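Structure first, commentary second.
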Amino acid sequence: MRNLAQLPIRFAGALALALASPLTRAATADTAPLADAMPLSQETVSSAMAASIAEHYSLEGDVRVEFLRAWTAPDKVARKWAFEVSDLPMMPSSSMLVHLKVLADGAVASEGPVTVRVELMRDVWVVRQPLTSGAPFEKTELDVRRVDGLKERDAVPASVGDNSYVYTRAVQAGHYLTWHDLGRRPLVRKGDLVDVTASEGALSISMKALAMQSGAQGDAVTIRNIESHKDFTAIVVDENHVQIHF
C-alpha cells in the first residue's frame with residue numbers, strides 16, 4: 001500500500017480528513033470562518049429598534065433609541081441579523097420597556113426585555129413676535145426650532161400650517177406654537193346664510209339654509225331649512241358652502 005505522500009494531492013487530502021477523528025472534523029467545521037459574516041454592534045440594534053418604533057407609532061421625525069441599561073450583544077457572527085420589537089406600550093414615551101428578540105441567520109441569538117430611552121427629534125414652530133387671537137396663520141411670524149417631540153408633545157410640527165389655520169388665542173414671543181394656539185379657519189359661521197348642495201345618487205339640488213353653528217372645512221354642522229324650519233346635518237366643503245348626502 002502506498003503512503004499518503006505517493007497519492008495524488010486531492011485524494012491524499014480527502015483521505016487525511018476521512019482518517020481524522022470525528023472530534024477533529026467537527027472542530028474544523030465549527031471554527032471555519034463564515035464568508036461575509038459579521039458581529040453585531042449596539043449601534044445596529046439601536047437603529048433597528050428606532051425604525052421599528054417609528055413604524056409602530058407612525059412617528060414623523062428622527063427617532064433615536066439608547067439603552068438605559070448595559071446591553072451585551074450576542075457573542076457570535078452572522079451573515080444576516082434581524083430584530084423583532086414587541087410588547088410596546090400603547091403610547092410612545094421618553095422611557096420605554098419593550099421586548100427585543102435578536103436573530104442571527106434566522107436563529108434566536110438573544111431575547112428578553114430591555115429598557116430604552118427614546119427621542120423624537122423634529123422641527124416645530126416658535127413664535128417670533130406676539131400673535132393675535134383670530135389672526136391668520138403666517139409663517140413669517142414664526143421661527144423653526146428642533147426639539148424632542150416626546151417632551152414637547154403639544155408643539156406644532158413645522159410641517160403643519162397654511163392659510164386654512166388661524167390663531168385661537170394670543171401667544172407671546174419665544175413660546176412654542178401649540179395645538180391649543182391653532183385652529184382651522186371657519187368657512188361657515190353661525191347665523192350666516194349658506195349654499196347647500198343636497199345629493200342622492202345622480203340627483204342633486206341646491207338651496208339656501210341658515211347655519212346654526214360655525215365650522216371649518218370637513219366639519220359637520222347643523223343647518224336649518226329657511227322654509228320648513230327643519231334642521232339637518234351637513235358637511236362644510238368651502239366658504240359658505242355645505243353638502244348633504246341622503
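Inter-label distance, Met38 to Asp162: 4.2 nm, where each label sits 7 Å from its Cα along the C-beta direction. Working from the Cα coordinates of the stretch 162-216, the gyration tensor eigenvalues give, after taking √(5λ), semi-axes of 35, 13, 7 Å in decreasing order. Every pair of different Cα atoms in the stretch 122-184 enters the Kirkwood calculation, which places the hydrodynamic radius at 11.3 Å.
For the stretch 39-120, the calculated P(r), taken from all Cα-Cα distances in 5 Å bins from zero up to the bin holding the longest distance, is 3, 15, 29, 26, 16, 9, 3 percent. In this structure, the amide hydrogen of Ser110, modeled 1.01 Å from its nitrogen in the peptide plane, lies closer than 5 angstrom to those of Val102, counting only residues at least 5 positions away or on a different chain.
Report summary: the helix-based calculation at 222 nm, which adds -39500 (n - 2.57) for every DSSP H run with n ≥ 4 and divides by the residues of the chain, gives -4500 deg cm²/dmol. Stokes-Einstein, applied to the Kirkwood radius of the stretch 61-100 over Cα pairs at a viscosity of 1.567 mPa s and 4 °C, places its translational diffusion at 101 µm² s⁻¹. Residue by residue, the stretch 131-145 carries 3J(HN,Hα) couplings of 9, 9, 4, x, 6, x, 5, 9, 5, 5, 8, 10, 10, 10, 9 Hz when phi is fed to the Karplus relation 6.51 cos²θ - 1.76 cosθ + 1.60 (θ = phi - 60°); x denotes Gly or Pro.
Give, to the nearest whole percent, the P(r) tail of the chain beyond 24 angstrom, counting all Cα pairs. Summing the P(r) of the chain above 24 Å gives 69 percent of all pairs. Pairwise inverse Cα distances across the stretch 193-245, averaged and inverted, put the Kirkwood hydrodynamic radius at 10.8 Å. Length gained on full extension, Arg189 to Thr72: 36.0 nm, using 0.36 nm per residue less the C-alpha separation. Here the contact order of the stretch 124-246, divided by its residue count and restricted to Cα pairs under 8 Å and six or more residues apart, works out to 21 percent.
Restricting attention to the chain, the count of lysine pairs at 8 or more positions apart or across chains with alpha carbons under 26 Å apart stands at 6.
Mean separation of Cα pairs under 8 Å and 6 or more residues apart, divided by the residue count, gives the stretch 122-184 a relative contact order of 45 percent. Model label sites at Gln213 and Glu55, defined 7 Å from Cα along the beta-carbon direction, differ in position by 4.0 nm.
No value in this document is a laboratory result; all are computed from the given coordinates. Fair warning: this is a prediction, and the values are worked out from it, not measured in the lab. Cβ: placed from backbone, ideal geometry, glycine included. Neighbour counts: every protein chain shown.
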